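Since the structure comes first, as structure tokens, the remarks are kept for the end.
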Amino acid sequence: MKILFSLTYYTPYVSGLTLYVKRLAEVLVKRRYQVKIICMQHDNKLKNYEFINSIEVNRAKPIVKLSKGFISFDWIIRSYQEVKSSDIVIINLPQAEGFVPASFAKLLGRKIISIYHCEVVLPKGLINFLVERLLNFANTLTLYLSDTVITYTEDFAINSKILPKFKRKLQYCYPPIKVPKLNKRVQKMIKRKILKRPSLDGFKGPALIIGVAARLAAEKGIEYLLEAIPEIDSVIARSEERATRQSRTGSPPPRLKLGVAMTRNCRPIRWK
């Protein structure tokens, strides 16, 4: 079976969406599927055509870049050529130009699967507003043409701006996760760096640590975590009060103040 993945950026570009497609494509190749990638040539130094880990990668030449998307006539030509030689077309959204291979796949009778990874939320401004509206329209058109729509969780689908319109097509599946081999030396290094942080309101030693493994972008919702700090602080306070009442010694555990400035609570982990 011949499978075509459509996305804007592919390796060596690094993002969650790119890694998702890369890992899934490489697993399918190992299972003896023929896999192709059609994407944009986001860097002029990249080849228009090459094989990466037995996966055929076709990059279309863009004319102009618009926000994170591109305008390209080469994309239209390559989309038709690659869709024609494929059995299944998997389009990874958000992708403004994804409706092009989706349209050709519909005309040629190919099965279309769209994977809706996330929604793009751009900063305020007229241009960003127009770009976001255009992207949502393009994504909606692609989803309308799709036979199946996959997203990670039902909760995300319910709260999405677009996905509730396509309930009958929706299926839920977690992204492919490559379980890494744990390096104890690196673990110890990270632990030492975390515990070396400044004390919080006089509290020294190990404290409650909330880790965030994400790119800090507008759509990631980091503000919700920060807004939750007072509630976490309140929960800890109630827990400590119960522990104090139950303690026979009468000595309460040290009070941890989490509701302090972000600059004091949040710090990246860096090592050479």
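Below are the figures for this structure:
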read-out: Residue that is nearest to residue 79 (Cα to Cα) [pool: residues in segment 9-60 that are touching a residue at least 40 places away in the same chain (Cβ under 8 Å) and touching an Asp or Glu at 6+ places or on another chain (Cβ under 7 Å)]; value: 38
read-out: Selection from segment 157-179 of residues that are in a helix (DSSP H, G or I) and surrounded by fewer than 12 Cβ atoms within 10 Å (Cβ to Cβ); value: 158, 164, 167, 168
read-out: Residue count for segment 30-58, restricted to those that are more than 15 Å from residue 91 (Cα to Cα) and either among the basic types (Lys, Arg) or touching a helix residue (DSSP H, G or I) at 6+ places or on another chain (Cβ under 6 Å) (or both); value: 8
read-out: Residues of segment 103-116 satisfying the condition of being within 19 Å of residue 167 (Cβ to Cβ) and not β-branched (Val, Ile, Thr); value: 114, 116
read-out: Condition broken by residue 154, with the remaining ones in (1) surrounded by 15 or more Cβ atoms within 10 Å (Cβ to Cβ); (2) in contact with a strand residue (DSSP E or B) (Cβ under 8 Å, 6 or more places away or on another chain); (3) among the charged types (D, E, K, R) satisfied; value: (1)
read-out: Among residues of segment 158-171, those that are within 24 Å of residue 25 (Cβ to Cβ) and modelled with pLDDT under 95, counted; value: 0
read-out: Among residues of segment 94-144, those that are among the β-branched types (Val, Ile, Thr), at pLDDT 95 or above and in contact with a strand residue (DSSP E or B) (Cβ under 9 Å, 6 or more places away or on another chain), counted; value: 5
read-out: Strands (runs of 3 or more DSSP E) completely within segment 1-86 that count 1 or more residues being closer than 22 Å to residue 134 by Cα and not aromatic (Phe, Trp, Tyr); value: 2-6, 34-40, 55-60, 64-66, 69-71
read-out: Test: residue in segment 66-80 that is farther than 30 Å from residue 216 by Cα, of a type in the set (A, V, I, L, M, F, W, C) and surrounded by 23 or more Cβ atoms within 10 Å (Cβ to Cβ); value: yes
read-out: For residue 127: the one exception among (1) free of Cβ contacts under 8 Å to residues at least 12 places away in the same chain; (2) in contact with a helix residue (DSSP H, G or I) (Cβ under 8 Å, 6 or more places away or on another chain); (3) among the β-branched types (Val, Ile, Thr); value: (2)
read-out: Which numbered condition residue 104 fails, given (1) buried (at least 18 other Cβ atoms within 10 Å of the Cβ); (2) in contact (Cβ under 8 Å) with a residue 40 or more places away in the chain; (3) assigned to a helix (DSSP H, G or I); value: (2)
read-out: Checking residue 97 against (1) in a helix (DSSP H, G or I); (2) acidic (Asp, Glu); (3) within 25 Å of the chain's Cα centre (by Cα); (4) surrounded by fewer than 23 Cβ atoms within 10 Å (Cβ to Cβ), the condition it does not meet; value: (4)
read-out: Pairs where the first residue, in segment 61-73, is in contact (Cβ under 8 Å) with a residue 60 or more places away in the chain and the second is assigned to a loop (DSSP other than H, G, I, E, B) and not polar (S, T, N, Q), C-beta under 7 Å, 6+ apart; value: 70/62
read-out: Which listed residue is hydrophobic (A, V, I, L, M, F, W, C), more than 19 Å from the chain's Cα centre (by Cα) and under 26 Å from residue 215 (Cα atoms), from 166, 137; value: 137
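The values are calculated or read from the model by the stated rules, or taken from the named source; none is laboratory data. What you see is a predicted model, and the numbers here were worked out from it, not measured in a lab. When we count neighbours, we look across all protein chains shown, and the Cβ atoms used for this are built from the backbone with ideal geometry, even at glycine.
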